[in-house]
């Protein structure tokens, strides 16, 4: 029972704007389905996202349009403290690339480190038609530290385009999280909500606050008494307010919404876990139609101990 309850938690997630929506360099931290672990785990995650910017007034591609790719290699881990408390940590290293007809550019370096804590409000179990029915509610909060490099010159160079080609935000930001999970034997449904509160950085720029919600269905197949495969599918919706500069100037090319279909799987054996998550964007309106997010991919490997 404990392993089932630990399997599903919050989405964010990073994944993780105009680009806070698409989850790029200065995006939020997507969590998705956690690997199975009893006490603690440590692992690596890889995330790949694309974005097209410098679009025309109605989202049309122009000679100035730019293709951007955001990749990150993340050291991440989790630690349970009894049955009620859990912490998660993320240390990303980002690789940003962009190209257009005029020029190309790239950046790489440490991103913004994030720490999160959760509290289990309740976990209840009952028997329904000889099947085990379990549901639980977790709530939590977190902090994102300004460890990634932020270049104000990027903002000055792209007054009419999203301020997303950064390794970090230079701001200390906060998250509020909640997740409800209900499971009947090995079939379950998970509903999540995450609200990210951004603060103004020392350069007078504040990225818009972001709300992210998702709903996932999952099922656990147990094979050979040692192998567990858990496919999952659902929908992810994100929306963000517009960025602000100097506390009073609203950035038109920021904010918006994105909707994506989510599919993934988790595979666990006694010594390690691997997983994958693919997000197919089916609807969006980003940065006043000056940006368009592509589909996203996340892979992970983790070891419980």
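Read the figures in this text as sums done on the coordinates, not as results from a lab. Everything numeric here is computed off the predicted structure, so don't read it as measured data. All Cβ positions, glycine included, derive from the backbone under ideal geometry; neighbour counts span all protein chains shown.
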Review point. Candidates (i) 46, 25, 16; (ii) 39, 28, 17; (iii) 35, 19, 18; which is the computed semi-axes √(5λ) of the Cα gyration tensor in Å?
Key: (iii)
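Using a Förster distance of 30 Å, how high is the FRET efficiency between residue 149 and residue 39, based on the Cβ-Cβ distance and rounded to 0.05? Could you put the intermediate results ahead of the total?
Working: r = 35 Å, r/R0 = 1.15.
Rounded to the nearest 0.05, the efficiency is 0.30.
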Study note, to complete from the structure: Note: the range 129-204, point scatterers on Cα, Debye, no solvent; log10 I/I(0) at q = 0.20 Å⁻¹ equals -0.88
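Using a 10 Å cut-off around each Cβ, can you sort 224, 41 from fewest to most neighbouring Cβ atoms? Working shown, then result.
On the way: 224 7, 41 22.
Ordered from fewest to most neighbouring Cβ atoms within 10 Å, 224, 41 come out as 224, 41.
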Exercise for review: Any chance you could run the full-extension gain for residue 101 through residue 248? It's 0.36 nm times the residue separation minus the Cα-Cα distance, nm to one decimal.
Suggested key: 49.5 nm
Practice item. Mind jotting down the distance between the C-alpha centroids of the range 254-305 and the range 163-187, whole Å? Key: 12
Review point. For labels at residue 186 and residue 172 in the simple 7 Å Cα→Cβ model, what's the distance in nm?
Key: 4.7
**Study point:** Segment residue 222-residue 278, extension gain: residue separation times 0.36 nm, minus the distance between their alpha carbons
**Key:** 17.9 nm
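Would you kindly state how much longer the chain becomes between residue 46 and residue 126 on full extension, computed as 0.36 nm times their sequence separation minus their alpha carbon distance, in nm to one decimal? Before the final figure, lay out the partial values.
Details: separation 80, 0.36 × 80 = 28.80 nm, distance 3.81 nm.
In short, 25.0 nm is gained.
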Review point. If you count, for each residue, the other Cβ atoms within 10 Å and average over each peptide, how do 86-96, 58-68 line up from highest to lowest?
Key: 86-96, 58-68
Study note, to complete from the structure: With R₀ set to 41 angstrom, the calculated FRET efficiency between the beta-carbons of residue 203 and residue 270, to the nearest 0.05, is 0.25
Check your understanding: How large is the helix-only mean residue ellipticity at 222 nm for the chain, computed as the sum of -39500 (n - 2.57) over DSSP H runs with n ≥ 4, divided by its residue count, in deg cm²/dmol to the nearest 500?
Key -> -1000 deg cm²/dmol
Check your understanding: If each residue's Cβ is checked for other Cβ atoms within 10 Å, how do 263, 169 rank with the fewest at the top?
Key -> 263, 169
